[in-house]
Amino acid sequence: MSTLNTTYLGIPIKNPIVVGASNLASDPAMLKKLEEAGAGAIIYKSLFEEQIQLESYELSESLTEYYDRNAEMISIFPQMEHGGPDAHLVQLANAVKSVKIPVFASLNAIDPTTWVDWAKKLAATGVAGLELNFYAIPKSFHTDAATVEKLQIDTLIAVKAAVKIPVSVKLSPFYSNTLQFIYQLDKAGADGFVLFNNLFQPDIDIEAEKLHFPYYLSHDDDNRLALRFAGLLYGNIRADICSNTGIHQGSDVVKMILAGAGSVQVVSTLFKNGPGQITTMLKDLEDWMTRKHYQSIDDFKGKVSRNKLNDPYAYRRAQYIDILMRSGDLFKKYPMV
């Protein structure tokens, strides 16, 4: 019988399916369902800079609203140890205690002090590791790419120095040279990479003539970029590779591992199909391994990566040219009316 054991940030997990950061993990009942369905690990919902700053401000305002009205009213509100963003820490600590599989924290901050201070607070909850969600919209036309990248590398170094748990980096693909940036983060001590972020983007309501922000659940084809980079990175970096976005079926898990990922994160497929989809995906993965006579994940991890293929053009520009040269196949599949 095949074993599905692998690692995430160097930590052993029972299988490669990790539940990505979302509100799913904030529901204690759902947390247990995800564990029972077979999840190898769970990333707790992200804590955001805006959430920290806004909740801290609102809490301070509410606690001081009646200060100095008179002597008796200075203590009208009790001290709220778990109010504001601290509530996130309490809920996270409870989540860690409620399941037997590893639970990881996720942090998306902006200010350097916030990154370090809250990384330490999140680590103190007992989580197995920490995911740094690096996603920032440039605020100035005059900030160059090197400045943005240096700030994020420095953030990783500072967080690694402040906590004793493993730290991963969750990235968008929007860097001048994503491979080089990942290589630099790897040298700076990242224990894992989650590729890539499923970004929330604004849309425009043309009737109301204003922006709105619809929820976007990934589709199957959204996993191609993660597959490409897993294939390019495998064997070239020390950190674990975790593919993310558009991973809905067991076959998607197989593809990512063949490319070079050691694990995958799933969210959208759970919203669409429920926690039982994890069980289905694991069965499909195990059935495929049995059919192919693989005993473990390591037996086929990276088998179709660039490092393992004899084709020197694998994952490179030549594939683009090849696809264009075969464009007649597209017309056969979708004949013009």
**Item:** Residue-count net charge about N5 - beta-carbon cut-off 13 Å; Lys, Arg +1, Asp, Glu -1
**Value:** -1
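Order F196, F174, most accessible first, counting only protein heavy atoms with a 1.4 angstrom probe. Show your work: numbers first, answer last.
Numbers: F196 10, F174 150 Å².
Heavy-atom accessible area, descending, gives F174, F196.
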**Request:** Sum up the charges of everything whose Cβ sits under 14 Å from the Cβ of I157, counting Lys and Arg as +1 and Asp and Glu as -1, but leave I157 out.
**Result:** -1
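How much net charge surrounds N223 when only other residues with a Cβ under 9 Å from its Cβ are counted (Lys, Arg +1; Asp, Glu -1)?
Numbers: positive: R224, K255; negative: D220, D221, D222, D252.
Neighbourhood net charge equals -2.
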**Prompt:** What is the calculated FRET efficiency for K303 to T143, with r their C-beta to C-beta distance and R₀ = 45 Å, to the nearest 0.05?
**Reply:** 0.65
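How much length, in nm to one decimal, is gained on full extension between L217 and D203, taken as 0.36 nm per residue of separation minus their Cα-Cα distance? Display every interim value, and only then the final one.
On the way: separation 14, 0.36 × 14 = 5.04 nm, distance 1.44 nm.
Net length gain for the segment: 3.6 nm.
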**Item:** Lysine pairs within segment 121-279, Cα separation less than 30 Å, 8 or more sequence positions apart or different chains
**Value:** 24
**Asked** Which far-off residues, 5 or more places away or on another chain, put their amide H under 5 Å from the one on K170, with H placed in the peptide plane?
**Response** L132, N133, F134, V194
**Prompt:** Considering amide H positions built from the backbone, and no H for Pro or chain starts, which residues 5 or more places from D240, or on another chain, come under 5 Å of its amide H?
**Reply:** L9, G10, G192, F193
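The values are calculated or read from the model by the stated rules, or taken from the named source; none is laboratory data. If you're wondering where the values come from, they're calculated on a predicted model, not measured in any experiment. Every residue, glycine as well, gets a Cβ built from its backbone with ideal geometry; the counts of neighbours run over all protein chains shown. Protein only, heavy atoms only, side chains kept; ligands, DNA and RNA dropped before computing areas. Shrake-Rupley method; radii C 1.70, N 1.55, O 1.52, S 1.80 Å.
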